[in-house]
Amino acid sequence: LMGGKNAKGEKNLGAMQHLVNVFVRYPSTSWAGDAGKRVEEIRTLLNDELGQNVSFRVTPDQWAKVQKSQLGIARMLVNQKQFEEAADVYVSILTMFPEDMNTPIALSGLAESYMEANNDLYARMTLGHLADRYGLNKKLSAPAGDALLRIASIYGERGKPEIKQELYERFFDNFAGHPRTPNLLLSFGDDRMAEGKYEDALSYYSRVVAKADASPVYFNALLKQSTCYEKLDRKADQIKTLTR
């Protein structure tokens, strides 16, 4: 594991040194992450089970360099339209770094790769995980929500409004505290009201009224909520809303 000397007295590098070289010198290769994990496994084995004193450890900066390099490779593969290969790299990144500040970027890239490869089921599953896991995460909810909306918009541009709608509903359900939520809810409500779908419009305005009373669009949502009640001939609810 740590090397030694052969019969001629020549020093041989051990597994740990070789793995360190791969991890540090070749962060852009698909072997870098695995090499880093194996280095830590060997260090633990030597120190805890074999009574050695190995002080070397992989640093956070070294891990960050590998992650940044791997994310760059995955994005390059997406740009080159090698979507299946890009998905494999993103899965590898998520295996190495299951939860940190770059996780929403990796999950978004993975979903995009699946979408471009016409694997909508896997794309929707990945985005569902993104929404369910990070919607209430104080540090990651903003980038996670932005990533979900980005893919939803692309689906809309690709002529798949049903998937776009599904992803926006996931966003509304999981990212109530996202800064874009109140305005988007109001916009969706306006679209439904323009179509004469007043019950549907109410569902969006009501969410703004219920959860975004500190938003600049709060009073606008109340006013439009009262208009929907008027159109539906629900006078008591209209008066109650206007009174509020």
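A few notes on this one:
- Enumeration of residues in region 180-198 that are open to solvent by 80 Å² or more (accessible area, probe 1.4 Å), in contact with an Asp or Glu (Cβ under 9 Å, 6 or more places away or on another chain) and closer than 23 Å to ALA142 by Cβ: ARG180
- A search for C-beta distances below 9 Å between a residue of region 157-179 that is free of Cβ contacts under 8 Å to residues at least 24 places away in the same chain and open to solvent by 30 Å² or more (accessible area, probe 1.4 Å) and any residue that is not in a helix (DSSP H, G or I) and not hydroxyl-bearing (Ser, Thr, Tyr), counting only pairs 6+ apart in sequence or on different chains, returns LYS164/ARG158.
- Test: residue in region 168-185 that is under 24 Å from GLN80 (Cβ atoms), assigned to a helix (DSSP H, G or I), of a type in the set (Val, Ile, Thr) and out of contact with any helix residue (DSSP H, G or I) (no Cβ under 6 Å at 6 or more places or on another chain): no
- Complete set of residues in region 199-208 that are crowded, with 20+ Cβ neighbours inside 10 Å and not charged (D, E, K, R): ALA201, LEU202, TYR204, TYR205, VAL208
- So LEU121, is it more than 10 Å from the chain's Cα centre (by Cα) and modelled with pLDDT of 95 or more: yes
- Residue, surrounded by the most Cβ atoms within 10 Å (Cβ to Cβ), within region 88-101, restricted to residues that are among the aliphatic types (A, V, I, L, M) and over 14 Å from the mean Cα position of the chain (by Cα): VAL89
- Taken residue by residue, region 1-14 has no member that is touching a Phe, Trp or Tyr at 6+ places or on another chain (Cβ under 9 Å) and either free of Cβ contacts under 8 Å to residues at least 40 places away in the same chain or within 26 Å of ASP146 (Cα to Cα) (or both).
- Enumeration of residues in region 209-228 that are of a type outside the set (Gly, Ala, Ser) and either open to solvent by less than 80 Å² (accessible area, probe 1.4 Å) or in contact with a strand residue (DSSP E or B) (Cβ under 9 Å, 6 or more places away or on another chain) (or both): VAL209, VAL217, TYR218, ASN220, LEU222, LYS224, GLN225, THR227, CYS228
- Residue selected from region 76-87 under the condition part of a helix (DSSP H, G or I) and within 17 Å of THR29 (Cβ to Cβ), by the criterion nearest to the chain's Cα centre (by Cα): ALA86
- Condition met for LYS231 (of a type in the set (Lys, Arg), open to solvent by less than 90 Å² (accessible area, probe 1.4 Å) and touching a helix residue (DSSP H, G or I) at 6+ places or on another chain (Cβ under 7 Å)): no
The values are calculated or read from the model by the stated rules, or taken from the named source; none is laboratory data. These figures come from a predicted structure and were not determined experimentally. Methodologically, a virtual Cβ is constructed for each residue, glycine included, from the backbone with ideal geometry; neighbour enumeration extends over all protein chains shown. In case anyone asks, the SASA skips ligands and DNA or RNA and just uses the protein heavy atoms, side chains included. Shrake-Rupley method; radii C 1.70, N 1.55, O 1.52, S 1.80 Å.
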